[in-house]
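For reference, the structure is listed below as structure tokens.
The values are calculated or read from the model by the stated rules, or taken from the named source; none is laboratory data. Keep in mind that this is a model prediction, so the values were computed, not measured. Heads up, the Cβs are rebuilt from the backbone with ideal geometry, glycines too, and the neighbour counts pull from every protein chain shown.
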Amino acid sequence: MRIKNLFFNLIIVAMCVLLLISGGFFFLSLHDYMSAYHIEGTSLLYAIQDEDYGRLVELAKRSQAAENEPTKIQEECYAVAAYFEAASYYKAYLLAGENEKAEKKAGIMEEQMEQMGEFSYLAEEICKRLELEIR
Amino acid sequence: MKCQQCGGNIGIQDERCPYCQTPNPHYKQHRAEMFRYRKDYEKTKEEVISKSGRFAGFTVKLTLIAVLAFLDVLFIALAVNADEVAWFLESRQVSAETSLHREKLEEYEAKRDYQGFVAYYEEHSLYLAEELEDFSKVYYASCNYIYIYDALVDLGQEDDYWTDERRIEVISDNLGYFYDELKPREYEDASRYTGEHGRYLEELKEDMGYLLCAYAKITAEEAEDFPVMSDGRRQLAIERGLGLYAD
């Protein structure tokens, strides 16, 4: 009788352990699948450091779309991204003779330059890279 | 029962006759039988209680094992299919906020913020919402557009992995998908490419032409022909534009 009891108790303990493991694994996986992917401020800084402005624009847009409260440094990175994006279109519209559209983009460039803070020196670099006159 | 001495009524449990006090000859035997019955009764009672207790304990354990087995199977199945559960929960969440998302997407669409549109769409998993399916063509076309945009603006910035040759390949491959996506398909609902969506797609195509002229250095005439060119011819035109190969 005792052996039978012990056997049942062991089964119950083993099943509880299995339940804990499978339940834990399920909730962790669910959390992983459902939690939003956050763009860290450092990713934006790395993109600037690598002069990978195409990636910077993408990261900035994603970070803004996530609607998290940005830090000051993130806001400045967003401004660099917006400046680069506007500058890239400014060049394209200017060459295509779409002056009205180009002027709109130039306006955005000026607006964003004021918000670039300590990164404002990058405006010159971006313009040089895109073969534009500095605005 | 009658008393053998006086004929008075006596009970079997009476030790003596209540009238003449003559001893009841059946009393002792009755008492002994009662004692034996009581003992048997107590023994049986104990046995029943002990057996039923054991049965109850056994039943409780079996029930517990059955419940645990059910929960184990349930959670193992849930853990294996966690992606589908998340998908289901997320689509419910997205569907509950459809009007807010629609408003936001329309805002991005009106601003012609192609990258912002894709970022918002993906960040909020809007591909899960059937109610927002009319934005799907705009989304896929914008996705292809931004791949090309990234490669175009990075031309000339070579590193170990990203050479201009590789970027040109990416551009010409994705241009094929991009122009295909702009074409209305038979099975597609017209709501996906008419109205504001249609104007957005037109401008997307136009901007692609401007970007190609500015960064891939192709001519405006070539840019106009690009939608009907083969991938190979597009690649050649870009390579020629960038002066990678002499004619």
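Criterion first (buried (at least 17 other Cβ atoms within 10 Å of the Cβ) and either touching an Asp or Glu at 6+ places or on another chain (Cβ under 9 Å) or outside any helix (DSSP H, G or I) (or both)) does B:LEU244 satisfy it?
no
Taking the conditions exactly as written (out of contact with any Lys or Arg (no Cβ under 8 Å at 6 or more places or on another chain), free of Cβ contacts under 8 Å to residues at least 40 places away in the same chain and more than 21 Å from A:LEU122 (Cα to Cα)), does A:GLU58 satisfy them or not?
For A:GLU58, the condition - out of contact with any Lys or Arg (no Cβ under 8 Å at 6 or more places or on another chain), free of Cβ contacts under 8 Å to residues at least 40 places away in the same chain and more than 21 Å from A:LEU122 (Cα to Cα) - is not met.
Given B:ALA214, B:ALA223, B:ALA190, B:ALA151, which one is aliphatic (A, V, I, L, M), under 27 Å from B:ALA110 (Cα atoms) and surrounded by fewer than 16 Cβ atoms within 10 Å (Cβ to Cβ)?
B:ALA190
Can you find a residue that is closer than 19 Å to A:LEU6 by Cα and touching a helix residue (DSSP H, G or I) at 6+ places or on another chain (Cβ under 9 Å) anywhere in the range B:68-80?
Looking for residues that are closer than 19 Å to A:LEU6 by Cα and touching a helix residue (DSSP H, G or I) at 6+ places or on another chain (Cβ under 9 Å), one finds at least one in the range B:68-80, hence yes.
Quick one: which of A:GLU133, A:GLU103 is without any contact (Cβ under 8 Å) to a residue 40 or more places away in the chain, surrounded by fewer than 20 Cβ atoms within 10 Å (Cβ to Cβ), more than 14 Å from chain B (Cβ to nearest Cβ) and not in a helix (DSSP H, G or I)?
When all the criteria are applied, what remains is A:GLU133.
Run down B:GLU222, B:GLU188 and say which single residue is at negative phi and in a helix (DSSP H, G or I).
Just one listed residue meets the conditions, B:GLU222.
Got a number for residues in the range B:51-87 being of a type in the set (Lys, Arg) and either surrounded by 12 or more Cβ atoms within 10 Å (Cβ to Cβ) or within 8 Å of another protein chain (Cβ to nearest Cβ) (or both)?
The number of residues fulfilling the criteria is 2.
Got at least one residue in the range B:93-101 being in contact (Cβ under 8 Å) with a residue 12 or more places away in the chain and crowded, with 18+ Cβ neighbours inside 10 Å?
Checked against the condition, which is being in contact (Cβ under 8 Å) with a residue 12 or more places away in the chain and crowded, with 18+ Cβ neighbours inside 10 Å, the range B:93-101 yields at least one hit.
Which numbered condition trips up A:GLY117, out of (1) within 25 Å of B:LEU211 (Cα to Cα); (2) more than 7 Å from every other protein chain (Cβ to nearest Cβ)?
Every condition holds for A:GLY117 apart from (1).
Scan the range A:24-32 and tell me whether some residue there is facing chain B (nearest Cβ under 10 Å), over 30 Å from B:THR63 (Cβ atoms) and modelled with pLDDT under 90.
yes
Looking only at the range A:76-91, which residues are within 16 Å of B:GLY209 (Cα to Cα) and either facing chain B (nearest Cβ under 8 Å) or in contact with a His (Cβ under 7 Å, 6 or more places away or on another chain) (or both)?
Matches in the range A:76-91: A:SER88, A:TYR89, A:LYS91.
Any residue at all in the range A:31-42 that's hydroxyl-bearing (Ser, Thr, Tyr), buried (at least 18 other Cβ atoms within 10 Å of the Cβ), touching a helix residue (DSSP H, G or I) at 6+ places or on another chain (Cβ under 8 Å) and over 20 Å from B:ALA151 (Cβ atoms)?
Looking for residues that are hydroxyl-bearing (Ser, Thr, Tyr), buried (at least 18 other Cβ atoms within 10 Å of the Cβ), touching a helix residue (DSSP H, G or I) at 6+ places or on another chain (Cβ under 8 Å) and over 20 Å from B:ALA151 (Cβ atoms), one finds none in the range A:31-42, hence no.
Which residues, counting only those in the range B:124-138, are crowded, with 19+ Cβ neighbours inside 10 Å and within 11 Å of chain A (Cβ to nearest Cβ)?
Hits for the range B:124-138 are B:HIS124, B:LEU126.
So which of A:ALA66, A:ALA82 ends up being modelled with pLDDT under 90 and surrounded by 14 or more Cβ atoms within 10 Å (Cβ to Cβ)?
After applying the criteria, what remains is A:ALA66.
Looking at (1) facing another protein chain (nearest Cβ under 7 Å); (2) modelled with pLDDT of 90 or more, which is the one condition that is false for A:LEU20?
A:LEU20 satisfies every listed condition except (1).
Could you list, in sequence order, all residues of the range B:105-123 that are of a type in the set (D, E, K, R) and more than 9 Å from chain A (Cβ to nearest Cβ)?
B:GLU106, B:GLU107, B:GLU109, B:LYS111, B:ARG112
Please go through the range A:29-55 and give me each residue that is in a helix (DSSP H, G or I) and touching a residue at least 60 places away in the same chain (Cβ under 8 Å), ordered by number.
Residues satisfying the conditions are A:ILE48, A:TYR53.
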